[in-house]
1. When the residues of region 74-93 are filtered to those that are surrounded by fewer than 20 Cβ atoms within 10 Å (Cβ to Cβ) and assigned to a helix (DSSP H, G or I), which remaining residue is nearest to the ligand (Cβ to nearest atom)?
2. Which residues, taken from region 306-361, are surrounded by fewer than 16 Cβ atoms within 10 Å (Cβ to Cβ) and among the aliphatic types (A, V, I, L, M)?
3. Give me the pairs: first residue in region 250-262 and among the hydroxyl-bearing types (Ser, Thr, Tyr), second residue near the ligand (Cβ under 8 Å from one of its atoms), beta-carbon distance under 6 Å, and six or more apart or on different chains, which are they?
4. Quick test of your reading of the structure: Asp143 fulfils all but one of (1) closer than 24 Å to Phe234 by Cβ; (2) of a type outside the set (Phe, Trp, Tyr); (3) touching a helix residue (DSSP H, G or I) at 6+ places or on another chain (Cβ under 7 Å). Name the failing condition by number.
5. Can you name the residue in region 145-177 that is surrounded by 24 or more Cβ atoms within 10 Å (Cβ to Cβ) and in a loop (DSSP other than H, G, I, E, B) and is also farthest from the ligand (Cβ to nearest atom) among such residues?
6. Looking at (1) surrounded by fewer than 17 Cβ atoms within 10 Å (Cβ to Cβ); (2) touching a residue at least 40 places away in the same chain (Cβ under 8 Å); (3) within 16 Å of the ligand (Cβ to nearest atom), which one does Ala52 not meet, given that it meets all the others?
7. Hey, any hits in region 183-200 for a residue that's within 16 Å of the ligand (Cβ to nearest atom) and of a type in the set (Gly, Ala, Ser)?
8. Before we move on, is Val14 of a type in the set (A, V, I, L, M), touching a helix residue (DSSP H, G or I) at 6+ places or on another chain (Cβ under 6 Å), at pLDDT 95 or above and within 16 Å of the ligand (Cβ to nearest atom)?
Amino acid sequence: MRTVFWESDTLKMVDQRRLPGSLEIVTLRTHVEVAEAIRDMTVRGAPAIGAAAAFGLALAANESKAQSAAAFLSDLDTAARTLKASRPTAVNLAWAIERVLRVVGPNPPFPPSLPGKGGWGDRSVDDLRVLALAEAQRIADEDVESNKRMGRHGAALIDDGDTIIHHCNTGALAVVDWGTALGVVRTAHEQGKRVHVLVDETRPRLQGARLTAWELQQYGIPYEIISDNMAGYFLRAGQVQKVFFGADRIAANGDVANKIGTYMLALAAHDNNVPVYSVAPTSSIDLSLRDGSQIPIEERDPDEVLGLQFHGERIAPQGAKARNPAFDVTPNRLITAIVTENGIVRPPFDVNLPKFVIRNP
Ligand code: MRU
């Protein structure tokens, strides 16, 4: 089953706030509902929110009452702004939205496959709706394919018997299907390699303990959950051979923005000579940004930090304040290699990353 999928003119998605307690599918009918689902993390993970936003534009296309191509595009531009504002760090969101806008706009990257009656301005709004949905579907289908390719490239980095620390959730739930970093682990497991995963619980939203552990259980891959502050202990004890995580945005110099805590993990791995791999589709690479300092970092509601309960009791005292940056930036010097669908990129990243990024004309 896919994490996000189109069915009967609606967008369906796994409600990731309910897992692992229950597997529920929610149905979204408007682009505003999609923006809210991205913001409240019903759907999460960079490629999954990209695909969801693309389908959100397909919903906006159906919502539009426009009678002309120009008015239709203006409605989609407005919807695109709402969707883009939902979360700032993962570049896949803006990337997917731009792809859909481009195919319905006056300068599509390839001639539309619909019977044309003339120039763009003469296209019927119904034709453009078909194009918007087809592009969203293509983004979703390509995501699955690119995850499988990352899995094959990355599995070559895993040896039989490896213990791997994994941060956040980068499995099927974080994408349309299969996974990025966890997809690599899955592929290695399917190839018959014995892999053991130490699952960072990933405070404050606990994507590791809730989602990665749940996924690994489904796949029959052995794992143990560790709290984030235990990673250094296991690395120093020589019990970990590799560190794997995903990425929400990679700058042109190879700095990687990923779930908060990634930087500390990479530092500890580097200090113990343990290789650090970021696995991400090229849609997560933002060559327009020189380095990681230019990546916008989302700061979420402090209640995600303060609301944690222990044995039924809220931990923090009433009135406590908190900070909640959702991502941090790991500098390129701590990254051994970046695994993309087009192959494994090694330093110097500023020279090598552009060779792996193939964009539509
Ligand atoms: O806040 P989240 O859960 O959306 O953050 C997700 C991550 O940081 C993932 O590691 C990243 O999106 C890569 S997932 C394929």
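The values are calculated or read from the model by the stated rules, or taken from the named source; none is laboratory data. Treat the numbers as computed from the prediction; the structure is a model and nothing was measured. All Cβ positions, glycine included, derive from the backbone under ideal geometry; neighbour counts span all protein chains shown.
1. Per the criteria, the residue is Lys84.
2. Leu308, Ile315, Ala316, Ala320, Ala322, Val351, Ile358
3. Cβ pairs passing all conditions: Thr262/His167; Thr262/Phe245.
4. Asp143 satisfies all of (1) closer than 24 Å to Phe234 by Cβ; (2) of a type outside the set (Phe, Trp, Tyr); (3) touching a helix residue (DSSP H, G or I) at 6+ places or on another chain (Cβ under 7 Å) except (1).
5. The qualifying residue farthest from the ligand (Cβ to nearest atom) is Val176.
6. (1)
7. Yes: one or more hits.
8. Details: of a type in the set (A, V, I, L, M): yes; touching a helix residue (DSSP H, G or I) at 6+ places or on another chain (Cβ under 6 Å): no; at pLDDT 95 or above: yes; within 16 Å of the ligand (Cβ to nearest atom): yes.
The answer is no for Val14.
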